[in-house]
Amino acid sequence: MCALKYIYFVFLLSAYGIRCNGFSNMTPDKSYSASTEELKKLLEVEDELAENLSGYLEQLKKKLNLVEQSLTNMQAEHNLMMEDYETHLGNPLNSFHLTYRLHISWRKWFEYTSNAQANELEHIEKAHRMRAKLPTFLDLDKASRGIDGLMYFYDLKPEDLAAGNLSGFLQPETALSSQDCFAMAEFSIKERKHELAQIWFNVSLATFKENNSIYEVCEFNKYAIHNSWGALLMSNKQNDEGLFHLRQEPMGEQSFLAKEFYEDILTIQRNCTAEYQRPTHLHCRYNFTTTPFLRIAPLKMEELSTDPYMVAYHDVIYESEINWLLNESAFHISLVADSQFSPDRTSKDSNNFDEDSNVVKAIDRRVTDLTGLSLDRSDPYSLINYGLGGHYLIHDDFHRYSQKNRLFLGERIVTVLFYLGEVDQGGNTIFPALNISVTPKKGSAVMWYNLHNSGDFNYEAMHSACPVIVGSKYVLTKWINEIPQTFVTPCMKEKW
């Protein structure tokens with residue numbers, strides 16, 4: 001019985017190590033998990049793998065020795081030249097040799113060190129051929145299920161298995177590593193045993209050892225544990241605990257994106273369900289001053305914020321215009337920066353409207369009435385549709401051009417967002433930094449400034465589209481360029 005348990009533990013360690021190196025997921029004719037006899041074959045496979053890796057290492061050592069010897073010779077010649085470079089380079093043979101070495105020799109050295117040689121490729125190709133003999137994901141799943149079953153029937157704890165303690169039989173050399181415990185945590189999540197998964201994550205952190213070369217090869221570190229644990233907690237709406245784990249990793253690009261994603265989700269959860277009360281110093285009134293036309297046809301305006309300046313307009317786009325826009329639309333999956341698909345945004349949009357049509361020209365005139373700005377060089381209209389659960393996480397509307405490019409291309413100074421239909425439930429546009437939530441109302445529009453008077457980005461204008469619960473949401477967006485506004489809205493000092 002002890003021998004069986006030992007083989008089972010060896011299999012779990014080797015199987016997970018195999019998985020982290022990208023081994024095949026193909027289902028073999030015989031499953032290694034099916035019997036002890038099949039498990040024994042893994043030892044022979046590992047022997048062959050170790051022998052092949054050892055041969056590969058010897059070839060790399062020879063290559064390293066050759067490079068070191070050649071580098072020593074080159075450094076000696078270089079130092080000799082530096083002692084009296086005028087005399088040295090005064091000899092045409094030395095000048096020729098230096099030129100040849102830099103033009104030809106160094107290029108060859110780069111190719112030699114960058115590319116695998118024939119004797120190295122032999123070992124690499126053999127390792128690829130052996131993939132067919134390696135355990136699959138199905139084998140690992142069965143082994144994990146076996147460990148999970150032992151825990152259930154013998155009341156074993158993750159801490160015991162991590163110490164190599166099998167129901168009172170202690171064998172430290174069979175102890176599960178931090179990486180093995182992490183694998184069991186992931187298996188527990190798959191089996192929806194979330195409490196057990198948290199225990200495995202905790203044990204994985206407790207047994208993690210720094211400077212482990214195997215972890216480095218497998219790209220495994222304690223931050224991977226924290227991130228997976230944090231994601232699990234966030235999925236269970238344990239937001240504060242989840243963010244604690246997600247914030248453990250130093251600010252690299254991937255860790256920043258992960259934390260930003262979950263923090264955005266948390267912000268939306270809090271703000272999309274909150275109730276807001278407009279400050280008493282903001283009012284509803286008729287706007288008849290933005291353009292001369294408004295003196296005879298003022299617009300119903302609702303003040304939302306003074307910094308950034310933000311207002312809502314009511315009854316500013318008509319049923320006939322909405323019908324025309326919807327009929328002329330050809331929707332495609334919405335993309336984000338650099339035309340990339342992102343789970344941050346789940347919607348479809350259309351921006352292929354005829355700018356010379358009477359409807360588009362009429363809406364252009366109305367946007368000018370709403371904002372008092374020129375629409376020259378502005379982005380085309382974008383009609384966006386959010387279906388069930390459709391949302392857009394916290395974002396801004398800046399292009400973020402470099403200063404040099406901004407002088408020629410211009411930033412988005414103002415955003416105008418028309419609501420083309422009612423939404424039965426959900427779908428609000430929220431501005432978390434301002435505690436503002438705008439409910440979609442057919443025919444209305446919200447307008448806000450993305451830039452400070454100085455031209456700097458106003459990050460308080462960051463916003464999100466809350467998920468649609470019931471219904472479908474249609475919005476029409478117009479982003480207005482700053483460059484044509486030079487003599488329309490001159491920059492003002494922030495403080496007088």
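The values are calculated or read from the model by the stated rules, or taken from the named source; none is laboratory data. Since we're looking at a predicted model, the values are computed, not measured. Every residue, glycine as well, gets a Cβ built from its backbone with ideal geometry; the counts of neighbours run over all protein chains shown. Remember, those area values only see protein heavy atoms, side chains included, never the ligands or the DNA or RNA. Shrake-Rupley method; radii C 1.70, N 1.55, O 1.52, S 1.80 Å.
Highest mean first, how do 450-457, 401-408 rank when packing is the count of other Cβ atoms within 10 Å averaged over residues?
Output ranking for 450-457, 401-408: 450-457, 401-408.
For segment 326-449, report the accessible area per residue in Å² (1.4 Å probe, heavy atoms, rounded to an integer).
Here the residues of segment 326-449 average 48 Å² of exposed surface.
Run the numbers for THR273 and GLU241: contour at 0.36 nm per residue of separation, minus the present Cα-Cα distance, in nm.
Between THR273 and GLU241, full extension yields 9.4 nm more.
Can you work out the PRE-style zone for ALA362? Point 7 Å along Cα to Cβ, and I want the residues of segment 412-454 with backbone N under 18 Å.
Within reach of a label on ALA362: 418-421, 442-445.
Taking 7 Å along the Cα-to-C-beta vector as the label spot, tell me the GLU38-LEU326 distance in nanometres, rounded to one decimal.
5.8 nm
For the pairs LYS40/LYS126; LYS126/LYS190; LYS41/LYS193; LYS193/LYS473; LYS62/LYS108; LYS237/LYS478, flag any whose C-alpha to C-alpha distance is greater than 26 Å.
Long pairs (Cα-Cα over 26 Å): LYS126/LYS190; LYS41/LYS193; LYS193/LYS473; LYS237/LYS478.
Provide the solvent-accessible area of GLU122, counting protein heavy atoms only and rolling a 1.4 Å probe, rounded to the nearest 10 Å².
120 Å²
Given R₀ = 56 Å, what would the calculated FRET efficiency be for TYR152 paired with SER454, taking r from the Cβ atoms and rounding to 0.05?
0.30
Set the Förster distance to 51 Å, then compute FRET efficiency between MET130 and ASP307 from the Cβ-Cβ distance, nearest 0.05.
E between MET130 and ASP307, to the nearest 0.05, is 0.20.
Pulled fully out, how much extra length does the chain show between VAL217 and LEU138, if you take 0.36 nm times their separation in residues and subtract their Cα-Cα distance?
Contour length minus the Cα-Cα distance gives 26.2 nm.
Work out, step by step, the length gained on full extension between MET81 and LYS61: first 0.36 nm times the residue separation, then minus their alpha carbon distance; give nm to one decimal.
Length difference between fully extended and current span is 4.2 nm.
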